[in-house]
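The values are calculated or read from the model by the stated rules, or taken from the named source; none is laboratory data. As the structure is a prediction and not an experimental result, all values here were calculated from the model. Note that each Cβ is placed from the backbone with ideal geometry, even for glycine, and that neighbours are counted across all protein chains shown. In case anyone asks, the SASA skips ligands and DNA or RNA and just uses the protein heavy atoms, side chains included. Shrake-Rupley method; radii C 1.70, N 1.55, O 1.52, S 1.80 Å.
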Amino acid sequence: MASPFSGALQLTDLDDFIGPSQDCIKPVKADRRPGSGVAKIHIQDDGSYFQVHQDGGSQKLEKAKVSLNDCLACSGCVTSAETVLIAQQSHEELRKVLRANEAAAPGQQKLVVVSVSPQSRASLAARFQLNPTETAKKLTSFFKKIGAHFVFDTAFSRNFSLLESQREFVRRFREQAGSPQALPLLASACPGWICYAEKTHGPLLTPHLSTARSPQQVMGSLVKDFFAQQQGLAPDKVYHVTVMPCYDKKLEASRPDFFNHEYQTRDVDCVLTTGEVYKLLEEQGVSLPDLEPAPLDSLPSSVSAEEPTSHRGGGSGGYLEHVFRHAARELFGIHVDELTYRPLRNKDFQEVTLEREGQVLLHFAAAYGFRNIQNLVQKLRRGRCPYHYVEVMACPAGCLNGGGQLRAADMPSRELLQQVEKLYASVRVEAPEDTPGVPELYRHWLQGEDSARASRLLHTQYHAVEKADSGLSIRW
């Protein structure tokens, strides 16, 4: 059977569903002692390894472990956590923290905060045949029942991601004459795409990546900085869990860029996929529809969170739509009511243009899935990329179809995805600049839109990873 992907794509060992390659290894430091040039390894019945020295002595060997940091540091593959053992990024780790809280003396507990993504909420709503508002309130009830203290909606932190992306694009558009690498600006909210960009085409792609943090990592800043201060706690006294549609969000949370060295804590301590939350519900013997709803929590104390909210522009966050509308208004004084998408090679590669008197003013695209990403990369490499901005997502159909979302054995995948998309779109939509609490946080927490503090807490940097030469990478 012929492969649906191009030859160039196969050469990079990529697919739309990706796993680790043989290059995904971590060396263990060997203790070299005189006379130990020849070693015998003895394996015990319990599976432990002992090195037997020539003098008859033995030494227990440490097992090599691959952590998320190692995956990000190596350059052998783009990893999907479906096939990588992940320490400290599972529902079992959350259980440990909750058990430790139960046993801790008063005042020694960690404050447990859970942030739920709109995509995960829509997937769970489809599984339990609930509407998204009911799902949000019942999830809040469940997490508090097992020991969480606060449950937030990451749609709130996405306001900051969208606003920062809008401002960054306008700034780069105005700078493009003096900086050839200013455009196209490539969305950076998808960690699978970022991992690929840094490792496979780092020098080519990293200058084009948006520096605006993803909603997950903005929520990390909000929880570990703003909210911790509000609660009178140091960041390391807060345990922050996010619920995401994507396994690769675990990789993102583990990036060194999102680690607080002063307090030795991450902005996001643990990422659970939608499927792991479903497993947690099963293990607790809880049926989500049977739970009593609980009120949603709000980050700013002055704002009431009556129901979950969303943004225009599709299930991956609406980056293209929000940046396009803002740029049209800010740069050209044109108000755009509705965007008209033009599909290209397939439904996952679409473009949008803004024209005036026959002249193209803005040219945007959405590229989902690695076969379309590969086409985009080829355009950039040849210097023939016509776009000013591209919303890039690793999963075909975007985040609602993420690898961590729930699947249904009794329903075709396409039909289930349509159901999830419908539920996702049924939530009340708010413009990021009009969301209650956002202007207040810019003024007081961030000390202004253009402050150094806003830059530090709402932006990040990406780094090209040097590709290691390895015989394992040769396709014979």
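Can we say residue 280 is assigned to a helix (DSSP H, G or I), in contact (Cβ under 8 Å) with a residue 12 or more places away in the chain, over 24 Å from residue 447 (Cβ atoms) and among the hydrophobic types (A, V, I, L, M, F, W, C)? Criteria met by residue 280.
Reported count of residues in the range 343-380, each being of a type in the set (D, E, K, R) and either assigned to a helix (DSSP H, G or I) or under 20 Å from residue 169 (Cβ atoms) (or both), is 5.
Write out, first by first residue and then by second, each pair whose Cβ atoms fall under 6 Å of each other, whose residues are 6+ apart or on separate chains, and whose first residue, in the range 336-361, is closer than 19 Å to residue 373 by Cα while the second is of a type outside the set (A, V, I, L, M, F, W, C) and part of a loop (DSSP other than H, G, I, E, B). Partner pairs satisfying both residue conditions: 348/369; 348/396; 350/341; 352/341. Any chance you could count how many residues in the range 325-365 are exposed (fewer than 14 other Cβ atoms within 10 Å of the Cβ) and hydroxyl-bearing (Ser, Thr, Tyr)? The qualifying residues number 1. Looking at the range 333-340, can you tell me whether even one residue there is in contact with an Asp or Glu (Cβ under 8 Å, 6 or more places away or on another chain) and not in a helix (DSSP H, G or I)? Yes, some residue in the range 333-340 is in contact with an Asp or Glu (Cβ under 8 Å, 6 or more places away or on another chain) and not in a helix (DSSP H, G or I).
Screening the range 392-401 for residues that are touching a strand residue (DSSP E or B) at 6+ places or on another chain (Cβ under 8 Å) and outside any loop (DSSP other than H, G, I, E, B) and picking the one that is surrounded by the most Cβ atoms within 10 Å (Cβ to Cβ) gives 392. Restricting the search to helices (runs of 4 or more DSSP H) fully inside the range 186-264 and requiring at least 1 residues that are in contact (Cβ under 8 Å) with a residue 40 or more places away in the chain, more than 19 Å from residue 114 (Cα to Cα) and of a type in the set (Gly, Ala, Ser) gives 191-200, 202-205. Residue count for the range 109-136 under the criterion of being farther than 22 Å from residue 221 by Cα, among the polar types (S, T, N, Q) and open to solvent by 10 Å² or more (accessible area, probe 1.4 Å): the result is 3. Each residue in the range 256-271 was checked for being open to solvent by 20 Å² or more (accessible area, probe 1.4 Å), touching a Gly at 6+ places or on another chain (Cβ under 8 Å) and more than 11 Å from residue 238 (Cβ to Cβ), and 0 pass. Of everything in the range 159-185 that is without any contact (Cβ under 8 Å) to a residue 12 or more places away in the chain and small (Gly, Ala, Ser), the residue that is surrounded by the most Cβ atoms within 10 Å (Cβ to Cβ) is 182.
Return the only residue of 139, 205 being surrounded by 20 or more Cβ atoms within 10 Å (Cβ to Cβ) and closer than 16 Å to residue 244 by Cβ.
139
Within the set 418, 447, 405, the sole residue that is among the polar types (S, T, N, Q), without any contact (Cβ under 8 Å) to a residue 12 or more places away in the chain and closer than 30 Å to residue 280 by Cβ turns out to be 418.
The rows are residues; the columns are (1) outside any loop (DSSP other than H, G, I, E, B); (2) under 30 Å from residue 102 (Cβ atoms); (3) touching a helix residue (DSSP H, G or I) at 6+ places or on another chain (Cβ under 9 Å).
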{"position": "144", "(1), (2), (3)": "yes, yes, no"}
{"position": "170", "(1), (2), (3)": "yes, no, yes"}
{"position": "173", "(1), (2), (3)": "yes, no, yes"}
{"position": "178", "(1), (2), (3)": "no, no, no"}
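Would you confirm whether any residue within the range 411-429 is farther than 23 Å from residue 202 by Cα, touching a helix residue (DSSP H, G or I) at 6+ places or on another chain (Cβ under 8 Å) and of a type in the set (Phe, Trp, Tyr)? Within the range 411-429 (the criterion being farther than 23 Å from residue 202 by Cα, touching a helix residue (DSSP H, G or I) at 6+ places or on another chain (Cβ under 8 Å) and of a type in the set (Phe, Trp, Tyr)), the answer is yes, since at least one residue qualifies. Here residue 383 clears all of (1) in contact with a helix residue (DSSP H, G or I) (Cβ under 9 Å, 6 or more places away or on another chain); (2) part of a loop (DSSP other than H, G, I, E, B) except the condition numbered (1).
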